[in-house]
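**Q** Next up is a structure, given as structure tokens.
The values are calculated or read from the model by the stated rules, or taken from the named source; none is laboratory data. Because the structure is a prediction, the values reported are computed rather than measured. Using ideal geometry, Cβ is built from the backbone for each residue, glycine included, and neighbour counts are taken over all protein chains shown. Areas reflect the complete protein model, heavy atoms only, side chains present, ligands, DNA and RNA absent. Shrake-Rupley method; radii C 1.70, N 1.55, O 1.52, S 1.80 Å.
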Amino acid sequence: MRQELHTLHVRTHGKGLVPITRPVIDWVASTGIGTGLLTLWCRHTSASLTVQENADPTVREDIARYFEALVPEDPSRYIHDDEGPDDMPAHLRTMLTNTQLSIPVADGCPVLGTWQGLYLFEHRRMAHRRDIVLHIIGA
Amino acid sequence: MRQELHTLHVRTHGKGLVPITRPVIDWVASTGIGTGLLTLWCRHTSASLTVQENADPTVREDIARYFEALVPEDPSRYIHDDEGPDDMPAHLRTMLTNTQLSIPVADGCPVLGTWQGLYLFEHRRMAHRRDIVLHIIGA
Amino acid sequence: MRQELHTLHVRTHGKGLVPITRPVIDWVASTGIGTGLLTLWCRHTSASLTVQENADPTVREDIARYFEALVPEDPSRYIHDDEGPDDMPAHLRTMLTNTQLSIPVADGCPVLGTWQGLYLFEHRRMAHRRDIVLHIIGA
């Protein structure tokens, strides 16, 4: 049984879902671990992780629109706005999605379903560099 | 230290919470692992996992009603509707709940609280067969 | 490779976020494990876990207000009210946040980002004692 750690750096270009399945799968393969548990940790409070359909790009448009309505960028609703009107909504959207995902690994690959893709969900308007720590334990 | 993997197949019959605590606990017991970490991964983007009160069945009715209101099946709100009006709401309800749960195991059993039950949350109207991958690592 | 288990008892005083970063980090340090995976499991269906900004206290006020609006304490909406009008909203707020978090550990410390703090999110009006099971596996 052994472990590996790695940090994935992801460039974002404003709000939206950025696919990360490929670099995550590639890193798992590079560790040579066949069976184990993979964990992704997003080190931010204004960006999050999610699993979504990887086929139809309109799904991502619908997600973006839904979250705009669920957590509106309406300054009258929030006290905290140090970094602008998208600051507090970004924190809330992060809370409602995931900061962490743990995925079993079998045959050297995370056991994603056919339609499942991994995404970083950027909640800020500006471009950012986001860090996701990857950890795997297994054999 | 060792690991085991297993896939739980769950039949659903339209929207709602399906209890899975019993088969999960039974599988953990069958592995013979006393202390460890159990992970559940739902391999779908239209069904999810959740932890909820296991006593009063009206809790499940309230949950169903709440999610109908939180993510309405209103076709005018979504572009993606390949599989009908419950398609995109199913993805969004999945995002707002869990695709994965990891639970410490002590004395051969997941450390659920007295009132905690594990559920598969089906978000589609039609019956489905859902796959949940179980992974345990421990000793 | 080895494991440790511990239960953290947290006193709450009505609704709101209670910081738990310090006792969690201290316990990880006490295990002497340098690299591994830490898991927190909240054993309740009316309190949850979340990761949030640890700097500006107004963030916590905004979060409290947002969740009051997202899941209103309106008795006409729920059947289940065994323990009062905050009973069912507490379950729903738990579902929308986290019962569990798993965090990679490096150099003897969870890899939290600069602005990330760990919180117990109490959803009931009354004071409670909440149990969070901590599990670490690593070397």
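**Q** Among the candidates C:Gly32, C:Gly16, which residue alone is under 18 Å from the mean Cα position of the chain (by Cα) and at positive phi? Walk me through how you get there before you give the answer.
**A** On the way: C:Gly32 fails: under 18 Å from the mean Cα position of the chain (by Cα).
So the residue among C:Gly32, C:Gly16 that is under 18 Å from the mean Cα position of the chain (by Cα) and at positive phi is C:Gly16.
**Q** Determine which member of the set A:Ala29, A:Ala47, A:Ala69 is away from chain C (no Cβ under 11 Å) and either charged (D, E, K, R) or touching a residue at least 40 places away in the same chain (Cβ under 8 Å) (or both). First the steps, then the outcome.
**A** Working: A:Ala47 fails: away from chain C (no Cβ under 11 Å); A:Ala69 fails: either charged (D, E, K, R) or touching a residue at least 40 places away in the same chain (Cβ under 8 Å) (or both).
Selected residue: A:Ala29, the only one of A:Ala29, A:Ala47, A:Ala69 that is away from chain C (no Cβ under 11 Å) and either charged (D, E, K, R) or touching a residue at least 40 places away in the same chain (Cβ under 8 Å) (or both).
**Q** Of all residues in the range A:24-55, count the ones that are of a type in the set (Asp, Glu) and surrounded by fewer than 16 Cβ atoms within 10 Å (Cβ to Cβ).
**A** Taking the range A:24-55 and keeping what is of a type in the set (Asp, Glu), we get A:26, A:53.
Then keep just the ones that are surrounded by fewer than 16 Cβ atoms within 10 Å (Cβ to Cβ); that gives A:26.
Total satisfying the criteria: 1.
**Q** Restricting the search to the range C:104-134, which residues are closer than 20 Å to B:Asn98 by Cα and over 13 Å from the mean Cα position of the chain (by Cα)?
**A** Matches in the range C:104-134: C:Pro104 only.
**Q** What pairs come out if I take residues in the range C:1-17 that are more than 15 Å from B:Leu37 (Cβ to Cβ) and pair them with residues that are at pLDDT below 95 and open to solvent by 70 Å² or more (accessible area, probe 1.4 Å) whose C-beta lies under 8 Å away, six or more apart or interchain?
**A** Going by the 8 Å Cβ cut-off, the qualifying pairs are C:Gly16/C:Arg60; C:Leu17/C:Arg60.
**Q** A follow-up question, please. Name, by its number, the condition in (1) more than 14 Å from chain A (Cβ to nearest Cβ); (2) surrounded by fewer than 24 Cβ atoms within 10 Å (Cβ to Cβ) that does not hold for C:Leu96.
**A** Result: C:Leu96 fails condition (1) only.
**Q** Would you mind stating whether C:Trp27 is touching a strand residue (DSSP E or B) at 6+ places or on another chain (Cβ under 7 Å), farther than 25 Å from B:Thr50 by Cβ and of a type in the set (Phe, Trp, Tyr)?
**A** Values: touching a strand residue (DSSP E or B) at 6+ places or on another chain (Cβ under 7 Å): yes; farther than 25 Å from B:Thr50 by Cβ: yes; of a type in the set (Phe, Trp, Tyr): yes.
So C:Trp27 passes the test.
**Q** Looking at the range B:93-111, which of its residues are aliphatic (A, V, I, L, M), closer than 25 Å to A:Val105 by Cβ and touching a residue at least 12 places away in the same chain (Cβ under 8 Å)?
**A** First pass over the range B:93-111, keeping only residues aliphatic (A, V, I, L, M): B:95-96, B:101, B:103, B:105-106, B:111.
Adding the requirement that they be closer than 25 Å to A:Val105 by Cβ leaves B:95, B:101, B:103, B:105-106, B:111.
Within the range B:93-111, B:Leu101, B:Ile103, B:Val105, B:Ala106 meet the criteria.
**Q** Considering only residues of the range A:1-23 that are assigned to a helix (DSSP H, G or I) and more than 14 Å from chain B (Cβ to nearest Cβ), which is surrounded by the most Cβ atoms within 10 Å (Cβ to Cβ)? It would help to see each step written out before you state the result.
**A** Within the range A:1-23, the first condition is being assigned to a helix (DSSP H, G or I), and the residues that meet it are A:21-23.
Filter once more, so that each one left must be more than 14 Å from chain B (Cβ to nearest Cβ): A:22-23.
Numbers: A:Arg22: 10, A:Pro23: 16.
Across the range A:1-23, the extreme among qualifying residues is A:Pro23.
**Q** Which residue, of B:Thr58, B:Thr39, is more than 15 Å from C:Met88 (Cα to Cα) and of a type in the set (S, T, N, Q)? Full working, then the answer.
**A** Values: B:Thr58 fails: more than 15 Å from C:Met88 (Cα to Cα).
The match here is B:Thr39.
**Q** Yes or no: C:Gly138 at the interface with another protein chain (Cβ under 8 Å from one of its Cβ atoms), farther than 27 Å from A:Tyr78 by Cα and surrounded by 15 or more Cβ atoms within 10 Å (Cβ to Cβ)? Write out each step before concluding.
**A** Numbers: at the interface with another protein chain (Cβ under 8 Å from one of its Cβ atoms): yes; farther than 27 Å from A:Tyr78 by Cα: yes; surrounded by 15 or more Cβ atoms within 10 Å (Cβ to Cβ): yes.
Answer is yes for this residue.
**Q** Mind checking which residues of the range B:99-112 are more than 7 Å from chain C (Cβ to nearest Cβ) and among the small types (Gly, Ala, Ser)?
**A** Scanning the range B:99-112 gives a single hit, B:Gly108.
**Q** Inspect all residues belonging to the range C:115-127 and state whether any of them is within 9 Å of chain A (Cβ to nearest Cβ), surrounded by fewer than 24 Cβ atoms within 10 Å (Cβ to Cβ) and free of Cβ contacts under 8 Å to residues at least 12 places away in the same chain.
**A** No, every residue in the range C:115-127 fails to be within 9 Å of chain A (Cβ to nearest Cβ), surrounded by fewer than 24 Cβ atoms within 10 Å (Cβ to Cβ) and free of Cβ contacts under 8 Å to residues at least 12 places away in the same chain.
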